[in-house]
Ligand SMILES: [Ca+2]
């Protein structure tokens, strides 16, 4: 039985068990414990794969992010589950391929037939924040949300005890205001990236004082457009060769790195750096067309399923637990953050916990949907359908990475990874990567010899193509009806992105 089928079978069984529990007991939050490790997830936005000194950037020094990676493990084949912002975040926060709950693309403007009230992370879904909260954690989301505008999709209704940020997908860096918790607009002076770092420090100080373990999801909009840098940061790049946008990006990246340094220093100041698992990741590939980023040596960009759209900077530090200076080469994915965080919190069976929480969540769904004026969750049906439906709605794809990065196991975390966002689909299995687009035959790349995906080997390997098409179909069968669609403009635009030429070498200083 392969891992996917195993997971599915386990989930079906666990789902049945979970349903049985409904009549017995509600899950009780575990008692908070002072020695539980904190978990800090830093997710930046639209950064280029090449634009970090840990990936060889000669133009942009990122010493604080590099130090985070050097203090633990850097994933050389680290992926996100989507090539654009919102679905990537939906996957990370639920530990499941977001297509399993119909979150296939960004929350764009409405097309005829769309219901704006459906635009968000489907309300039956349980998040990593829900799960960490159930283990006695204080849970904090900072910065960009992008998982629904309406109150029912708000972070404070999706497992986070605290929020400071903005609901949408982008923000000016000089907007000087954010939403505090649900509905309070708070003003501040200064640059968004720095402000989010300060807020993170305040929360860390407060948790330390109250002796609360925390799960923090720190999501700066840096380095997404608009291109806003502080003047001081921009001045550092005045002699940089290239377009003005590249200089501003340098300033924005410096701001991002400073924020990471500020937060890491604060953990040290509070004496909790050794008791904090820190993850750094970027939500999707860089977008040279808008923020002048560079994904070299990866081909493609944000919006494509070439490596430049989905392979991202990804590092994890936990002093004393993860050996420092390690590079882990097997494919891992942002979905794994959830089980890794839960494992750190002492949860040995994340699926079981998620099932228990899902049973509780589903009792609230009819009321939440009523308040949104929608009915999208299929909670009815006969016993068998109910159990299968439950498993499909709540199976997780997340793997605790700790045994892999510590060498406790030498197995492969995932036999295959999948992507789907119209117009593209892709699967990676071993070194093979298959990319399927509607307007051309499937393309097959060998990532071991061709990281830049320049040579299509599909014609020479029909059996591999056939097998991977089948894998893709078997995976697709488990996905749900989309909650919203990709607009025609993006279908057209994103298909054209595959035919562009991208810079495949690091820009020189
Ligand atoms: Ca993004």
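The values are calculated or read from the model by the stated rules, or taken from the named source; none is laboratory data. All values derive from a computational prediction rather than experimental measurement. Reconstructed Cβ throughout: ideal geometry from the backbone, glycine too, with neighbour counts over all protein chains shown.
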Of the conditions (1) under 15 Å from the mean Cα position of the chain (by Cα); (2) surrounded by 24 or more Cβ atoms within 10 Å (Cβ to Cβ), the single one that residue 69 does not satisfy is (1)
As an exercise: evaluate residue 152 against (1) in contact with a strand residue (DSSP E or B) (Cβ under 9 Å, 6 or more places away or on another chain); (2) under 15 Å from residue 216 (Cα atoms); (3) surrounded by fewer than 24 Cβ atoms within 10 Å (Cβ to Cβ) and give the number of the one condition it does not meet.
(2)
Across (1) buried (at least 24 other Cβ atoms within 10 Å of the Cβ); (2) more than 15 Å from the ligand (Cβ to nearest atom); (3) not in a loop (DSSP other than H, G, I, E, B), residue 60 clears everything bar (3)
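In a loop (DSSP other than H, G, I, E, B) and more than 18 Å from the chain's Cα centre (by Cα) - does that describe any residue in the range 153-166? Before you say what the answer is, go through the steps one by one.
Of all residues in the range 153-166, those in a loop (DSSP other than H, G, I, E, B) come to 154, 158-161.
Filter once more, keeping what is more than 18 Å from the chain's Cα centre (by Cα): 161.
Checked against the condition, which is being in a loop (DSSP other than H, G, I, E, B) and more than 18 Å from the chain's Cα centre (by Cα), the range 153-166 yields at least one hit.
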Just name the residue that is nearest to the ligand (Cβ to nearest atom) out of those in the range 170-182 that are modelled with pLDDT of 95 or more and part of a loop (DSSP other than H, G, I, E, B).
171
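Can you pull out every residue in the range 248-281 that is outside any helix (DSSP H, G or I) and more than 16 Å from the ligand (Cβ to nearest atom)? Don't jump to the end; show me each part of the working.
Filtering the range 248-281 for residues outside any helix (DSSP H, G or I) gives 270-272, 276-281.
Correct list: 270, 271, 272, 276, 277, 278, 279.
Taking the conditions exactly as written (surrounded by fewer than 19 Cβ atoms within 10 Å (Cβ to Cβ), part of a helix (DSSP H, G or I) and in contact (Cβ under 8 Å) with a residue 40 or more places away in the chain), does residue 201 satisfy them or not? Steps first, please.
Numbers: surrounded by fewer than 19 Cβ atoms within 10 Å (Cβ to Cβ): yes; part of a helix (DSSP H, G or I): yes; in contact (Cβ under 8 Å) with a residue 40 or more places away in the chain: yes.
Here the answer is yes, as residue 201 does meet what is asked.
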Could you tell me which residue of the range 466-492 is modelled with the lowest pLDDT, considering only residues that are within 23 Å of the chain's Cα centre (by Cα) and exposed (fewer than 14 other Cβ atoms within 10 Å of the Cβ)?
481
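Pick from the range 84-117 the residues that are more than 16 Å from the ligand (Cβ to nearest atom) and crowded, with 23+ Cβ neighbours inside 10 Å: which of them is nearest to residue 392 (Cα to Cα)?
Here is the first cut: in the range 84-117, the ones more than 16 Å from the ligand (Cβ to nearest atom) are 94-97, 99-102, 109-117.
Within this subset, residues satisfying the condition of being crowded, with 23+ Cβ neighbours inside 10 Å are 94-97, 99, 101.
Numbers: 94: 13, 95: 13, 96: 10, 97: 11, 99: 11, 101: 9 Å.
The selected residue is 101.
Inside the range 337-350, can you point out the residues that are touching a helix residue (DSSP H, G or I) at 6+ places or on another chain (Cβ under 8 Å) and either crowded, with 24+ Cβ neighbours inside 10 Å or in a loop (DSSP other than H, G, I, E, B) (or both)? Break it down stepwise before answering.
Within the range 337-350, the first condition is being touching a helix residue (DSSP H, G or I) at 6+ places or on another chain (Cβ under 8 Å), and the residues that meet it are 337-345, 347, 350.
Of everything in the range 337-350, those that are touching a helix residue (DSSP H, G or I) at 6+ places or on another chain (Cβ under 8 Å) and either crowded, with 24+ Cβ neighbours inside 10 Å or in a loop (DSSP other than H, G, I, E, B) (or both) turn out to be 337, 338, 339, 340, 341, 342, 345, 347.
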What number of residues in the range 282-336 are assigned to a loop (DSSP other than H, G, I, E, B) and within 14 Å of the ligand (Cβ to nearest atom)?
14
